[in-house]
Amino acid sequence: MSLRHRFGSFLIASACAFASMAASAHAILVDSSPKLNGTVTAGHVAMMFKYNSKIDQHRSRLVLIGPDKSETVLSIATGSKSNEIDTSVDLTPGAYTLRWQALALDGHITRGDLPFTVVAKQ
């Protein structure tokens, strides 16, 4: 095998390794309840945020922004699955945003906003 061929193979292997590290470096939200721009019924609402990698639940954060723009830091349930952040809260009708911050176990932080609407019980 020539030096040129070995160097080319090394570059390809390095690029693949770097791409896989970059892809797994951040916790990406893959599922949630409530859904993005979804609707839930007023009352006690269980919330689940599922990521593509393990999360440091103790250092992640959930902030609920209410219809009046007030902000409430929500408690994260311990004992959730290692790739989830779970909580629950009592909600009244209105437009809300859940601002999440997830710390992946590799130390990378990702953030996002999840708007949703709470409607009155029928």
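Rule-based calculations on the coordinates, nothing more; no lab input. As the structure is a computational prediction, the values presented were derived from the model and not from experiment. Using ideal geometry, Cβ is built from the backbone for each residue, glycine included, and neighbour counts are taken over all protein chains shown.
Could you count how many residues in segment 91-122 are on the phi > 0 side of the Ramachandran plot and either assigned to a loop (DSSP other than H, G, I, E, B) or surrounded by 17 or more Cβ atoms within 10 Å (Cβ to Cβ) (or both)? Going through segment 91-122 one residue at a time, the tally reaches 1. When only residues in segment 71-122 that are hydrophobic (A, V, I, L, M, F, W, C) and over 17 Å from residue 45 (Cβ atoms) count, which is farthest from the chain's Cα centre (by Cα)? It comes out as 105. When you check residue 46 against the structure, is it surrounded by fewer than 15 Cβ atoms within 10 Å (Cβ to Cβ), more than 18 Å from the chain's Cα centre (by Cα), in a strand (DSSP E or B) and hydrophobic (A, V, I, L, M, F, W, C), yes or no? So residue 46 fails the test. When you look at residue 88, is it surrounded by 13 or more Cβ atoms within 10 Å (Cβ to Cβ), assigned to a strand (DSSP E or B) and either free of Cβ contacts under 8 Å to residues at least 24 places away in the same chain or among the polar types (S, T, N, Q) (or both), yes or no? Yes: the conditions hold for residue 88.
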